[in-house]
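Working notes, beginning with the structure itself.
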Amino acid sequence: MPAREEPPPAHHGHQQGPGKAQLETATTVFALLADPTRLHLLWLLARAEADVTELATVSGAARPAVSQHLAKLRLAGLVQARKEGRRMVYSLRDGHLRRLVTEALNHADHQVTGEPWHP
């Protein structure tokens, strides 16, 4: 059986400990992730960019609610939008957020399923 491939190590480009501004900004990000609908939208956007209609259909949330959540996420700088014809297409702003959302949900999967934790 082939050995399981380990994920690449975390990038350690930010060597200094977090300052007050970084801690407050990270707290804001976690607060935004604390809403199940927003977390689901970010997970969907981590997979592919999408417009409000697509996100509402896949997430099962009402279109106005999705629009409001996206506005909050955009205001916080977590998602970006670009116009494509008459529609706005949303995407995640960066890979850090993509990894954060993915890891949070992977962690939750272990808790829910009882799968063993990774070393």
From the coordinates shown, mean projected area of the Cα convex hull in nm² corresponds to which of (i) 16.3; (ii) 10.3; (iii) 7.2: (ii)
√(5λ) per eigenvalue of the Cα gyration tensor, segment 47-117, largest first, Å: 26, 15, 10
Neighbourhood net charge (10 Å Cβ-Cβ; Lys/Arg +1, Asp/Glu -1) for LEU70: +2
Between 0 and 90°, nearest 10: helix 63-75 axis offset from the chain longest Cα axis: 60
Relative contact order %, the chain, counting alpha carbon pairs below 8 Å whose residues are six or more apart: 22
Added length on full extension, which subtracts the Cα-Cα distance from 0.36 nm per residue, ALA26 to GLU84: 17.8 nm
Note, ³J(HN,Hα) from phi for segment 79-96, Karplus 6.51, -1.76, 1.60, rounded to Hz, x at Gly and Pro: 10, 10, 10, 9, 7, 10, x, 9, 10, 9, 10, 9, 8, 6, 6, 7, x, 4
Gyration tensor (Cα) of segment 26-76, equivalent ellipsoid semi-axes in angstrom: 17, 11, 10
Local electrostatic count, ASP109, Cβ distance below 11 Å [Lys/Arg +1, Asp/Glu -1]: -2
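Each reported figure results from applying straightforward, stated rules to the coordinates on display, with no laboratory input. Note that this is a predicted model, so its numbers are computed, not measured. No Cβ is skipped: glycine too gets one built from the backbone with ideal geometry, and neighbour counts run over all protein chains shown.
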